Amino acid sequence: MCGIVGYIGKHEAAPIILEGLSKLEYRGYDSTGMAIFDGEKIRIKKSAGRLKVLEELTHGGATMPGVAGIGHTRWATHGVPSDVNAHPHYNEEETIAVVHNGIIENYIPLREKLMSKGYKFTSDTDTEVLAHLIDYYYKGNPLEAITKVMHRVQGSYALGIIFAEHPDQIFAVRKDSPLIVGQNEDGCFIASDVPAILKYTRKVYFIENQEVVRLRADHMHFYNVDEEELPKEPVTIDWDADAAEKGGYEHFMLKEMYEQPKTVTDTLMPRIKDNDIVIEELGMSDEEIRAIRKIFIVACGSAYHTGVTAKYIFEGAARIPVEVDVASEFRYRKPILEEGTMVIVISQSGETADTLAALRESQKLGHKVLGIVNVVGSSIAREADNVMYTWAGPEIAVATTKAYSAQLIALYLLAMKFGKVRGTLAEAEFGSMLEDLKRLPGQIERLLANKERIQRFANRYIGAKDVFFIGRGIDYAISMEGSLKLKEISYIHSEAYAAGELKHGTISLIEEGTLVAAVATQDSLFQKTLSNMVEVKARGAFVLAVTNEGNTDIEKAADYCIYLPKTNQWFTNSLAIIPLQLFGYYVAVGKGCDVDKPRNLAKSVTVE
Ligand code: F6R
């Protein structure tokens, strides 16, 4: 989704903003722009297309002198991607400029009202309403105008705003869209996410909902919507700056796949103590764990897929019924959350609008929510009653890999802990599962080392039209993620099916040469999946099988086999997903796709 960067300080603003925007490219965008105050007036340059177009247009920022400015990468919602719809947007006199991430839900009545007062609109965006509305309320005091606008608009927004009459200030405003500010000795910064300003400062402030920040070159002040000043403590970001760089890899996605052994270790090991699982941040006593009657897991996309996997483990190991729901459905379907229901939301970014709404809906119904979150200080992390962090570090590629793997680990730990406390998981099994967990990082490394073999196989499928992924039980959950990885970055149509469901309609799509990836890691379901493989092979499919070492029987029904090291049946997702991620990645690379920034996608989906 859109990215915002702003700067005011001793240095030229445009190059800093351009560089910051380049660090937000991963969020997904289709146009870019900057507004810089040049000592006389606010100048705007903007354009549809990639950031390099704006860089060329401004000679790397050199043609836009000035020490205060705001910049934007736009992911179109209202109005097509075009030069005109790109941000920033001006008021008519060109004395106020605004960049926006989010959606103004009541922009139509506001636009009509402003038009009736003589305001003229040049774009199709909801954002332009903000520029004119600020102008409407502006009587010389920017803070007053901004807070009046905040009272009038509905929806979500993170804003950067500059006023020609106040060139020594820039403003940041936020409601339900991410925005942070930071400071160093040379200036102050606004950004949608930490990587944009990490080069300049590690001291950042998280802006809460409905807060405004006035930034000057040497200090910042925070206000609530009633213009009252707020105290605020900075947070020191302790990431390794290289974590947000490619570090010699061709793509962030490849680098992040290779970081999975470390991610798994970092999420796992601090929570294993004296052969037990200790999740201090869970905030639940053993008695409360024993009292759980049902678990609701709510998330989107890949995070949802980890929830589907976890259902089998919570039900199998802890004997707790689990319902897994897509957050955009959960929030509107009047879910029944009875007493004893625990709600878990899962999110890498911690900013996914639907997941955040599901969290709030659950809290409104009187239920505590546990967030499994990667981004420290994100909205979900701050609003959840308890937070279990996945220590994956910054994930830049749009397609998730390492955060997905870390989410799985967090869920395994929870399910095992619950099973042990509730007495449904025998001591010996718990112990052997712990040993299996500790072996996962090394096993993932072994699978990654096999990447050339997967690459050779993937090269044969760059021309594929349709690919099907099938599996039963946890293997179905793996199939869903394998299918999503392939389609989102290679643009090849693919679908995941519960293997037994295929013959209820979809099998008619199988023709000579159609690739079917069959995942068969669950011993109790192996023969069943094998039969489904035989069925598709008999209809001409080319069958790729992913199974455990030793299951050589599969070669009767498969054309190509990938064997996984042995692990507990509930942890096979952590291994099976590795070749499937590599497969999706290499198909996309072979097709020449923009792997880290697939078309139409955004890393952090902050609108519903
Ligand atoms: C797919 C992918 C998305 C996200 C989904 C949820 O590779 O990354 O499907 O999993 O948008 O995002 P978070 O986890 O940030 O809530």
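The values are calculated or read from the model by the stated rules, or taken from the named source; none is laboratory data. Please read these numbers as outputs of a predicted model, since none were measured by experiment. Cβ placement follows ideal geometry from the backbone for every residue including glycine, while neighbour counts extend to all protein chains displayed.
Worth a mention:
- Any hit, the range 85-98, residues being over 23 Å from GLU40 (Cα atoms) and surrounded by fewer than 18 Cβ atoms within 10 Å (Cβ to Cβ): no
- Some residue of the range 419-440 being more than 16 Å from the ligand (Cβ to nearest atom), closer than 30 Å to CYS593 by Cα, touching a residue at least 24 places away in the same chain (Cβ under 8 Å) and in a helix (DSSP H, G or I): no
- Subset of the range 313-356 [within 16 Å of the ligand (Cβ to nearest atom), crowded, with 24+ Cβ neighbours inside 10 Å and either assigned to a strand (DSSP E or B) or of a type in the set (Phe, Trp, Tyr) (or both)]: PHE330, VAL343, ILE344, VAL345, ILE346, SER347
- Single residue of the range 124-154 satisfying the filter (more than 19 Å from HIS72 (Cα to Cα) and small (Gly, Ala, Ser)) that is farthest from the chain's Cα centre (by Cα): GLY140
- Scan of the range 290-312 for residues that are more than 25 Å from ALA357 (Cα to Cα), of a type outside the set (D, E, K, R) and in a helix (DSSP H, G or I), ordered by number: TYR312
- Near pairs, Cβ below 7 angstrom, 6+ apart or cross-chain, from the range 590-608 (in contact (Cβ under 8 Å) with a residue 40 or more places away in the chain and in a loop (DSSP other than H, G, I, E, B)) to any residue that is among the hydroxyl-bearing types (Ser, Thr, Tyr) and more than 12 Å from the ligand (Cβ to nearest atom): LYS591/SER490; CYS593/SER490; CYS593/TYR491; THR606/SER156; THR606/SER177; VAL607/THR77; VAL607/SER156
- Qualifying residue in the range 152-175 (condition: out of contact with any Phe, Trp or Tyr (no Cβ under 8 Å at 6 or more places or on another chain), under 20 Å from TRP239 (Cβ atoms) and not in a strand (DSSP E or B)): no
- Some residue of the range 135-149 being part of a strand (DSSP E or B) and in contact (Cβ under 8 Å) with a residue 60 or more places away in the chain: no
- Strands (runs of 3 or more DSSP E) completely within the range 10-85 that count 2 or more residues being more than 25 Å from LEU215 (Cα to Cα): 42-48
- Checked against (1) free of Cβ contacts under 8 Å to residues at least 24 places away in the same chain; (2) in contact with a His (Cβ under 7 Å, 6 or more places away or on another chain); (3) acidic (Asp, Glu), ASP186 passes all but a single condition, namely (1).
- Those residues of the range 215-256 which are outside any helix (DSSP H, G or I), at pLDDT below 90 and closer than 18 Å to LEU24 by Cβ, in sequence order: ILE237, TRP239, GLU245, LYS246
- The number of residues in the range 293-309 being of a type in the set (A, V, I, L, M) and more than 14 Å from the ligand (Cβ to nearest atom) comes to 1.
- Of all residues in the range 381-404 being within 12 Å of the ligand (Cβ to nearest atom) and modelled with pLDDT of 95 or more, the one that is nearest to TYR26 (Cα to Cα): ALA399
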